[in-house]
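Q: Structure incoming, see below.
FYI, it's all coordinate maths here, none of it is from the lab. This is a predicted model, so every value here is computed, not measured. A quick note on method: Cβ atoms are made from the backbone with ideal geometry, for glycine too, and the neighbour counts reach across all protein chains shown.
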Amino acid sequence: MSLQLSKRHEWVMQSEIRNMSIECDKVGGINLSQGVCDTEVPVVVRRAAQGAMDDGWNTYTRYDGIDELRAAIAWKQKMITGMEVDPEREVVVSAGATGALFCACLALLNPGDEVILFEPFYGYHLQTLVATEAVPVYARMRPPKWSFRQEDLEAVVTPRTRGIVICTPSNPCGKVFSRDELQIVADFAEKHDLFVFTDEIYEHFIYDGLKHTPPATLPGMKARTITVSGLSKTFSITGWRIGYCICDPRWTQAIGFFSDLVYVCAPAPLQKGVAQGLKELGRGYYEKLGIKYQDKRDRICSALFRAGFTPHVPMGAYYILADISRLPGSNSKEKAMNLLKNTRVACVPGEAFYHDRSGENLARFCFAKEDSVLDEACRRIESLS
Ligand code: PLP
């Protein structure tokens, strides 16, 4: 038999995040590797989805989402960020933020187009670019503030550059881009005529009184920005697969057609549940999320400090990059496996977030866990001190 896997499959690797989850399951450990929040789903969201199933919302919906959900997304975006969004023409609901970004890349990039990724990056961003035949190039952010300069961007831009990805708040480093930093990216994007793909899935996970600024709200940015987000994290529904993008009507139809081609639509009753949640849960719900997760962040940061794994304290999102150089092992994978073996706590090796070996002394810990689970993980980490 001469059948073979496609060439494309070689470009896409099983993510290290999933690999560590598998290793964690083997030893019955606490999984701080994957960003699966096991915190409670808001009752209103659950009830509305259950009710929708009972009421017959079980068939295909409009390819870009039900009216009620697109309207709720536009309303919430205006309420929280002041951004005017036309729910009929500027919103595409898809299978999670992941599906929305994938479809946006399919719709807007040609094979060989270069796209700048800030590094450390989220592996799915890299793999999405690669799988859609775009070419990632890297702009390094430097601790402690994960800062960058316009020259870093100018150093990697070429005539083939077509876009730049901003993840704010960032997975994995927790950076929240300031308005000034976003202005640098905006000027750069305008100068080189680039798409700006944002991933704002952690928009409500912000600490220490900081504020999330959607890049599309900077002057002149709306037309070139593809704002990607979703409810997986905000409502703790990672398995529901509801996300969306907001962008100029010139782009939405093609993005929606790709989403139709791959997913047909997002799950109908779950769209209803999310729409109801967006309508009923006000600003207070989102603010409480920030407070709750800041407390979780502080607990695990203390444990990491005490264990000698100096953490880069995140400004947002729910991950911590920490220095695990003191563990035995010649690279971050071996060190992470050593930690799993000795504590049964799984983290993600830092090399998963860099295109070179820069992450070899780092690991990422996810703190989206119920307090009792997190406390047990902290106890085990501290036992190494
Ligand atoms: N974007 C980022 C930055 C993430 O960290 C994750 C999950 O870990 C996702 C997107 C996934 O979002 P969704 O579940 O909406 O596809």
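Q: Considering only DSSP beta bridges whose two residues both sit in the stretch 43-281, what percent are antiparallel, to the nearest 5?
A: Working: 9 of 28 bridges.
Expressed as a percentage, antiparallel bridges in the stretch 43-281 total about 30.
Q: Please work out how much length the chain gains when fully extended from Arg326 to Glu84, using 0.36 nm per residue of separation minus the C-alpha to C-alpha distance, in nm with one decimal. Show your work: numbers first, answer last.
A: On the way: separation 242, 0.36 × 242 = 87.12 nm, distance 4.96 nm.
The span from Arg326 to Glu84 would gain 82.2 nm if fully extended.
Q: What is the stretch 45-188's relative contact order, in percent, from Cα pairs under 8 angstrom and six or more apart in sequence?
A: Values: 150 pairs, mean separation 24.9, N = 144.
Relative contact order, the stretch 45-188: 17 percent.
Q: If you place +1 on the Cβ of every Lys and Arg, -1 on the Cβ of every Asp and Glu, and leave all else neutral, what size is the dipole of the stretch 1-153 about its Cα centre, to the nearest 20 Debye? Spell out each step's value before the answer.
A: On the way: 15 positive and 21 negative charges, 60 e Å.
Taking the Cα centre of the stretch 1-153 as origin, the dipole is about 280 debye.
Q: How large is the dipole of the chain about the Cα centre if only Lys and Arg carry +1 and Asp and Glu carry -1, each at its Cβ, rounded to the nearest 20 debye? Intermediate values should be presented prior to the final figure.
A: Working: 45 positive and 47 negative charges, 139 e Å.
About 660 debye.
Q: Taking the stretch 232-385 as the region of interest, what is the percent of Cα-Cα pairs per 10 angstrom bin, listed from the shortest bin to the one with the maximum distance?
A: 10, 30, 26, 23, 12, 1
Q: Additional query: Please list, or write none, the lysines whose alpha carbon is within less than 21 Å of the alpha carbon of Lys335, excluding same-chain residues fewer than 8 places away.
A: Those lysines meeting the cut-off are Lys26.
Q: Quick one: what does P(r) look like for the chain with 20 Å bins over all Cα pairs, in whole %?
A: 29, 59, 12, 0
Q: Find out how many positive minus negative residues lie around Leu289, taking Lys and Arg as positive, Asp and Glu as negative, among other residues whose Cβ is under 13 Å from that of Leu289. All intermediate terms of the calculation are to be shown ahead of the outcome.
A: On the way: positive: Lys233, Arg283, Lys288, Lys292, Lys296, Arg297; negative: Glu40, Glu203, Glu287, Asp295.
Overall, the nearby charge balance is +2.
Q: Something else: Using Cα positions and a limit of under 25 Å, work out the lysines in reach of Lys279, with same-chain residues fewer than 8 apart set aside.
A: Lys76, Lys78, Lys211, Lys222, Lys233, Lys288, Lys292
Q: For a bin width of 5 Å, list the pair-distance distribution of the stretch 309-377 built from all Cα-Cα distances, rounded to whole %.
A: Cα pair-distance distribution for the stretch 309-377, in percent: 4, 18, 26, 27, 16, 7, 2, 0.
Q: Between Val373 and Asp187, what is the FRET efficiency for a Förster distance of 41 Å, r being their Cβ-Cβ separation, to the nearest 0.05?
A: Working: r = 44 Å, r/R0 = 1.07.
Efficiency, from the Cβ-Cβ distance: 0.40.
Q: Enumerate by residue number the chymotrypsin sites (Phe, Trp or Tyr not before Pro) in the stretch 57-145 meeting two conditions: DSSP loop (anything except H, G, I, E, B), and at most 12 other Cβ atoms within 10 Å of the site's Cβ. Working shown, then result.
A: On the way: sites: Trp57, Tyr60, Tyr63, Trp75, Phe102, Phe118, Phe121, Tyr122, Tyr124, Tyr138; in loops: Trp57, Tyr60, Tyr63, Phe121, Tyr122.
Within the stretch 57-145, the qualifying chymotrypsin sites (Phe, Trp or Tyr not before Pro) (loop, at most 12 other Cβ atoms within 10 Å) are Tyr60.
Q: Out of Gly230, Leu129, Gly209, whose Cα points farthest toward the positive end of the dipole of the chain (charges: +1 Lys, Arg; -1 Asp, Glu; placed on Cβ)?
A: With unit charges placed on the Cβ atoms, the residue in question is Gly209.
Q: Next question. Quick one: which of 319-327, 241-249 comes out on top by average Cβ neighbours within 10 Å, and what's the full order, highest first?
A: Working: 319-327: 21.9, 241-249: 23.4.
With the highest mean Cβ count within 10 Å placed first, the list reads 241-249, 319-327.
Q: What percent does the relative contact order of the stretch 255-385 come to when contacts are Cα pairs within less than 8 Å and at least six residues apart?
A: Values: 157 pairs, mean separation 30.4, N = 131.
Result for the stretch 255-385 is 23 percent.
Q: Relative contact order of the chain, please, whole-number percent, based on alpha carbon pairs below 8 angstrom and at least 6 residues apart.
A: Rounded, it is 24 percent for the chain.
Q: Sticking with this structure for a sec: Work out the length of the dipole vector of the stretch 130-225 about its Cα centre, built from +1 on the beta-carbon of each Lys and Arg and -1 on the beta-carbon of each Asp and Glu, and round it to the nearest 20 debye. Walk me through the numbers on the way to the answer.
A: Values: 12 positive and 13 negative charges, 15 e Å.
So the dipole magnitude of the stretch 130-225 works out to roughly 80 debye.
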